[in-house]
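Trainee: Pasting a structure below so you can have a look.
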Amino acid sequence: KVGMAQILVSQGKARAAEAQADAALAAEPESSQALVTKAELRRLARDLEGALGFFEKAIASNARNLMALIGRAATLVDLNRDEEAAADVERLRELAPKHPLAGYLDALILAKAKDFAAARDALMETGGFVESHMPSLFLLGAINYAQNNLEQAVTNLTRYVQRVPVNLRARKLPAAALIRTRPAARACDILLPAIEQAPE
């Protein structure tokens, strides 16, 4: 049932996925895997407090569940509870010192605190993960933009937009960088699909 829930999520069928997760929990209420799946579905629905509750149950069931720790840390960041999130990242680093998502979450917390140099270092420590993990690539582009490394920001964010074309916010940032560094024609090329996608 957990596997079915994950497949349904990948197909964009969140409601059906949640029904499978609920069935899994009805069969085995303490299953940390089912609890994490339910938590991620609540997070996807932007029910952050609900997601947090399920992540906490998953950690109570299995304190070494890396996905539960990652999910709770990410949810705490979304809730602006960054100190608590940092504690989860530290625990994650104790359990899996080289886990790339620990570096991403660390960078996210540091970037929110405007410590952009340390945030960039945390991302760079993950090696090639940045290129394959789209949130890391976007964060790196945003950090480069904040540090006025505009050429690098354009490179990172254009690469991101090519892979995640539906993210309107991601189109605005490289366009803003292009306007500041070169003629605006390329910025228009990036923004036009966003206008078609969201005319309002």
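The values are calculated or read from the model by the stated rules, or taken from the named source; none is laboratory data. Treat the numbers as computed from the prediction; the structure is a model and nothing was measured. Positions of Cβ are generated from backbone atoms using ideal geometry, with glycine treated the same way; all protein chains shown enter the neighbour counts. Remember, those area values only see protein heavy atoms, side chains included, never the ligands or the DNA or RNA. Shrake-Rupley method; radii C 1.70, N 1.55, O 1.52, S 1.80 Å.
Trainee: Based on this model, can you work out whether LEU110 counts as closer than 26 Å to ILE59 by Cβ, open to solvent by less than 40 Å² (accessible area, probe 1.4 Å) and part of a helix (DSSP H, G or I)?
Mentor: Judged against the criteria, LEU110 is not a match.
The rows are residues; the columns are (1) in a helix (DSSP H, G or I); (2) touching a residue at least 12 places away in the same chain (Cβ under 8 Å); (3) open to solvent by 20 Å² or more (accessible area, probe 1.4 Å).
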| site | (1), (2), (3) |
| --- | --- |
| ARG64 | no, yes, yes |
| ALA73 | yes, yes, no |
| ALA87 | yes, no, yes |
| GLY103 | yes, yes, no |
| ALA117 | yes, yes, yes |
| ILE143 | yes, yes, no |
| LEU157 | yes, yes, no |
| VAL161 | yes, yes, no |
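Trainee: Could you identify the single residue in VAL77, VAL130 that is open to solvent by less than 30 Å² (accessible area, probe 1.4 Å), more than 23 Å from LYS38 (Cβ to Cβ) and among the hydrophobic types (A, V, I, L, M, F, W, C)?
Mentor: VAL130
Trainee: Give ARG81, ARG120, ARG91 a once-over and let me know the one that is under 21 Å from ARG42 (Cα atoms) and of a type in the set (Lys, Arg).
Mentor: ARG81
Trainee: Next question. If GLU83 passes every condition in (1) over 22 Å from LYS57 (Cα atoms); (2) without any contact (Cβ under 8 Å) to a residue 24 or more places away in the chain; (3) of a type outside the set (S, T, N, Q) but one, which one does it miss?
Mentor: Among (1) over 22 Å from LYS57 (Cα atoms); (2) without any contact (Cβ under 8 Å) to a residue 24 or more places away in the chain; (3) of a type outside the set (S, T, N, Q), GLU83 violates only (1).
Trainee: Hey, among ALA39, ALA5, which residue is without any contact (Cβ under 8 Å) to a residue 40 or more places away in the chain, in a helix (DSSP H, G or I) and under 18 Å from ALA60 (Cβ atoms)?
Mentor: ALA39
Trainee: If you scan segment 123-145, which residues turn out to be of a type in the set (Gly, Ala, Ser) and more than 15 Å from the chain's Cα centre (by Cα)?
Mentor: Selection gives GLY127, GLY128.
Trainee: Now a separate question. Six or more apart or on different chains, Cβ under 8 Å: which pairs go from a residue in segment 168-187 that's free of Cβ contacts under 8 Å to residues at least 12 places away in the same chain to one that's outside any loop (DSSP other than H, G, I, E, B)? Could you list them?
Mentor: ILE179/ALA187; ALA184/LEU178; ARG186/LEU178
Trainee: Looking only at residues that are open to solvent by less than 30 Å² (accessible area, probe 1.4 Å) and either in contact with a Phe, Trp or Tyr (Cβ under 8 Å, 6 or more places away or on another chain) or in a helix (DSSP H, G or I) (or both) in segment 89-101, which one is farthest from ALA146 (Cα to Cα)?
Mentor: LEU92
Trainee: Restricting to segment 88-114, name every residue that is among the hydrophobic types (A, V, I, L, M, F, W, C) and over 18 Å from the mean Cα position of the chain (by Cα).
Mentor: Selection gives LEU95, ALA96.
Trainee: Output the residues belonging to segment 163-200 that are open to solvent by 70 Å² or more (accessible area, probe 1.4 Å) and either outside any helix (DSSP H, G or I) or among the small types (Gly, Ala, Ser) (or both).
Mentor: Selection gives VAL166, ARG182, PRO183, PRO199, GLU200.
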